Every structure is written in C-alpha cells, then in structure tokens.
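Trainee: Once you've had a glance at the structure underneath, I'll fire off some questions.
The values are calculated or read from the model by the stated rules, or taken from the named source; none is laboratory data. Because the structure is a prediction, the values reported are computed rather than measured. Every residue, glycine among them, receives a Cβ derived from its backbone with ideal geometry; neighbour counts consider all protein chains shown.
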C-alpha cells in the first residue's frame, strides 16, 4: 500500500519521477540557458572589419600622442638650455642693451652732480621703463614693441630737447643713445 511519507505508492512516485525527467528533457531550465548565454558573451568571435579599422586608428593615435609628448619634452629641454645659455652670456640682446643704456645714463647723472635738482628724474625713469619693457618683450614677444619704443622716445626727447632747454650743459649722450637705438632694433626683431 503506502510505503512513503508522501502518501503515494511506489508506482505513483516512479510515474512522477518519469514525468519530471521527460519535462526536463523537453524544456531546459532557465538557469542553464543563462549560463549558456554568459558563456557565449565571453567567447565573442571574430572582430568585424570596422572594429579592426577602429582598433588600428586608436593604436595610431596613441603612437602619435606618445610622439607628441616626446617632442614636447625635447622642446622644453631645448628651451631650458637656451635660457641657461642666454643667462650665462648676459641674457637676450634686447635686455643687455637696455641695461647698458640705463647704466650709461646713471653714470652721466653721477658724473654731473651740479645739475639742477630733479633734472635727470625724467631720464632715469624712462631708462627704467626701457629695461622693464625690454625684459617683457624678451620674455614674451607678443608683449609688443610699443612700450620699448615709448621709453626710447622719452630718452631721446630728454637728451635732444629737455636737457638742452633746462640746463644746457654739454654731455656726450652718444653711447647711451646707440644702446637705446639697438634696444629698439632688437625688440623689433623679437616681435617679428
């Protein structure tokens, strides 16, 4: 009669087992299907032609990017070496001549203590502006030559007009004016 705790006979239990096996054979489990799909996703298959082209383009772009980075590093090194060489030789020509003009003007001011009070103030101020403007254009050529030319014009105007009208003592400004003229020429070269 009843052999098991389920209340079914042995024949009934066997029949249910056979039915379950037949059902499993005809309808696979959803978990098995999910495992099959996951396995297929891991094994993708061959690349499409467009994907191969895209991979090749990406590899070429990466190589170009690395080359650009290497060139940028080389340029930085060369700029540093150039700056060190300029500093060792006294700096760019435009600043060397501007400082030379300022120093010559300062020497004339010192050599003429009998000048009226404040007579050389305008000149020494313009010489300082010339040095600052020369340093600015040496650092960045985009700064323009305007400030250099303005300071040079102020120095020239003082020497040729203001000094003669206000005091009139003869001072040979030719060396300082040569330096001022060279500063303007060097500034124009840098700006070009």
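Trainee: If you go through segment 147-176 one residue at a time, how many are in contact with a helix residue (DSSP H, G or I) (Cβ under 8 Å, 6 or more places away or on another chain) and free of Cβ contacts under 8 Å to residues at least 24 places away in the same chain?
Mentor: Residues that pass the stated criteria total 2.
Trainee: List the pairs whose first member sits in segment 104-122 and is outside the structural domain of residue 168 (by TED's automatic domain parsing), whose second member is surrounded by 16 or more Cβ atoms within 10 Å (Cβ to Cβ), and whose Cβ atoms are under 9 Å apart, counting only residues at least 6 apart or on separate chains?
Mentor: none
Trainee: Looking at this structure, is residue 180 assigned by TED's automatic domain parsing to the domain that holds residue 123, more than 22 Å from residue 111 (Cβ to Cβ), at pLDDT 95 or above and surrounded by 14 or more Cβ atoms within 10 Å (Cβ to Cβ)?
Mentor: No, not satisfied.
Trainee: Now for a separate question. Checking residue 121 against (1) farther than 13 Å from residue 102 by Cα; (2) loosely packed, with under 13 Cβ neighbours inside 10 Å: exactly one of these is not met. Which one?
Mentor: The one condition residue 121 does not meet is (1).
Trainee: So, in segment 124-144, of the ones that are buried (at least 18 other Cβ atoms within 10 Å of the Cβ) and more than 24 Å from the chain's Cα centre (by Cα), which residue ends up nearest to residue 87 (Cα to Cα)?
Mentor: 131
Trainee: Still on this structure, I have one more. Looking at (1) closer than 30 Å to residue 143 by Cα; (2) modelled with pLDDT of 75 or more; (3) part of a helix (DSSP H, G or I), which one does residue 86 not meet, given that it meets all the others?
Mentor: It fails just one condition, (2).
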